[in-house]
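Heads up, the thing below is written out as structure tokens.
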Amino acid sequence: MPALVLFGGGGDLAMRMLLPSLYFLERDGLLPEGLKIIGAARQASTRDEFLARVRDSVTGKAQAEDAWSEDAFARLTDRIDYVAVDATSPDSLKTLKDKVGDGAVTHFLAVSPSLYAGIVKALKAAGLAGPDAKIVLEKPVGRDLKTFLEIDDAVAHAFRESQVFRIDHYLGKETVQNLLALRFGNTVFEPLWNNLSIDHVQITVGETVGVGDRWPYYDEYGALRDMVQNHMLQLLCLVAMEPPADLEPESVRNEKVKVLRSLRRVTHEEAERVTVRGQYTPGEVEGQRVRGYVEERGQSTDTETFVAIRAEIGNWRWAGVPFFMRTGKRLPEKRTEIVIQFKPVPHSIFGSGERGAIQDNRLIIELQPEEDISLTVMNKRPGLDQTMQLQPISMSLSWGQGAGDRPPRRRIAYERLLLDAMAGDSTLFVRRDEAEEAWKWVDQVAEAWSDAGFRPLDYVAGTWGPAAADTLLSRSGRQWNTGDE
Ligand code: BG6
């Protein structure tokens, strides 16, 4: 029988994401037959205590989706077991080994990365790292290239690369995969997908939440390492990569790594011009007064809660096309989107604005709060005006729209990733060399900041970051998508 072991089974990630994901998969009959799910954690809880916590976390999520089923939950609990272990001790892992049995096992490490090396070593010593075993690593793996390699080398000692699944949950989001369908399942976009037609690309991951209780982790990483090194660079890769030969994991990942290698390094001299660091001060978000990061943290700190970067990809397709990335906590909206901004028409036959200004075409791939892909095009305002009037319209390219279908429930990104990892499909996981390249690029930004002593600029919670983030675009006559046009 296959087994899934959740190390850190009682922790935040397991309770908030992994167990609810497993519940939804169970409900839809998608879990592998006979799968055993074993929560492994240090706490000396009983199985019943663990199940009570699982019930609490799952019911909340399922009821919010109108998807609660007592039967499905009962089927899930039949699979679940709990074991209290010190996962870094081979002796202590013996009980776990007995519970796992002889089937293929997937270990999911939802624990602090500082424990990764110790756990993989112990798994190997305990005979839990055989050829059928797989290991899933949550980010962050390391804090820079050096620490990434230290941890990853330890992992490589126990598991082959094909057994290692480095999670970036953004790759499990439906719209991210839809981006691949849009680019490579159609002929209309790809001929335009280059520096001849595209002016620039924007990637925004805006969050309204603050750092709050997570500061012990966050203060060490900051937005650059927490979001840019992984989620944002992964999105950039999917936008920028060349068409792979097929959807095989190696084909896709080969193309992504080429993009990362083509990213121009940010030099110390230009860092001030092409990067922005920010930190939120008290303000108002979604109608609520909120504290600044310093107040949450309890003392002043240099950690950035906002970052914006103008990145350049040095290859034939993208030379001269800036990729603007921005992400931050305590921004006005939870909005994640990729904006492909096309160039203006080469010559307007409509005069200079008297028929309505021509808005350049824009493709918006929205991941959150809604999942949608829309294209802004110009058309004629209906009617018998004497002078033809133009207007921009936004065409939704999303599935189901207009077809009268009810969109399927939006799945938690981990649902897909858990299934893929158990099935051994690594297409949507990050390969070692990708993580390595991403760290190299992020490290030189971090170094430039620390060498030049760049402190984060203040921004009031509830605004879109420091004014310098707007200047990053306005300097070249561009502006961030506000969603209002
Ligand atoms: C996590 C980061 O990886 O992604 C968090 O550690 C961030 O800081 C989260 O809040 C955002 O994920 P999502 O899916 O809510 O956009």
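The values are calculated or read from the model by the stated rules, or taken from the named source; none is laboratory data. Since the model is a prediction, treat every value here as computed from it, not as a measurement. All Cβ positions, glycine included, derive from the backbone under ideal geometry; neighbour counts span all protein chains shown. To get the accessible areas, we keep the full protein, side chains included, count just its heavy atoms, and leave off ligands, DNA and RNA. Shrake-Rupley method; radii C 1.70, N 1.55, O 1.52, S 1.80 Å.
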query = What residues have an amide H closer than 5 Å to that of D168, excluding those fewer than 5 places away on the same chain, when H is modeled at 1.01 Å from N in the peptide plane?
reply = V430
request  = Tell me, rounded to the nearest percent, the portion of alpha carbon pairs in region 65-138 spaced more than 20 Å apart.
outcome  = 38
request  = Provide the FRET efficiency to the nearest 0.05 for the D98-E354 pair, computing r from the beta carbons and using R0 = 56 Å.
outcome  = 0.10
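Return the inverse of the average 1/r over all pairs of distinct C-alpha atoms in region 233-278, which is the Kirkwood hydrodynamic radius, in Å to one decimal.
In region 233-278 this quantity evaluates to 12.2 Å.
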key: Radius of gyration and Dmax over the Cα atoms of region 425-485, both given in Å   = 16.8, 44
query = To two decimal places, what compactness ratio does region 1-134 give when its Cα radius of gyration is scaled by 2.2 N^0.38 Å?
reply = 1.02
query = Cα convex hull of region 355-485: how many Å³ per residue?
reply = 212
query = Over the chain, what relative contact order in percent results from Cα pairs under 8 Å that are six or more residues apart?
reply = 18
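Stick to the Cα atoms of the chain, pair each with every other, and give me the Kirkwood hydrodynamic radius in Å at one decimal.
24.2
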message = Let's see if you can work this out: charge +1 on each Lys and Arg Cβ, -1 on each Asp and Glu Cβ, no other charges. What is the dipole magnitude of region 1-87 about its Cα centre, in debye to the nearest 20?
response = 220
Rounded FRET efficiency, nearest 0.05, which uses the C-beta distance separating L30 from S450 and R0 of 60 Å = 0.85
request  = Report the calculated FRET efficiency for E272 and A125 (r = Cβ-Cβ distance, R0 = 51 Å), to the nearest 0.05.
outcome  = 0.55
Span per principal axis, largest first, for the Cα atoms of region 354-399 (Å) = 41, 18, 13
query = What does region 279-362 give for Rg and for Dmax, in Å, if only its C-alpha atoms count?
reply = 19.7, 60
ask   = So which trypsin sites (Lys or Arg not before Pro) in region 405-485 end up in coil per DSSP with only 13 or fewer other C-beta atoms within 10 Å?
value = R409, R410, R475
key: Sparsely packed chymotrypsin sites (Phe, Trp or Tyr not before Pro) within region 241-317, loop by DSSP, other Cβ within 10 Å at most 12   = W316
request  = Please say if region 119-251 is rounded, prolate or oblate, where rounded means a/c under 1.5 for a ≥ b ≥ c the square roots of the C-alpha gyration tensor eigenvalues, and otherwise the choice is prolate for a/b larger than b/c and oblate otherwise?
outcome  = oblate
ask   = Counting only protein heavy atoms and using a 1.4 Å probe, what share of the accessible area of the chain belongs to carbon plus sulfur, as a whole percent?
value = 51
remark   = Expressed per residue, the solvent accessible area of the chain in Å² (1.4 Å probe) is about 44
note = A student asked for the Cα radius of gyration and Dmax of region 96-167 in angstrom ought to give 11.7, 37
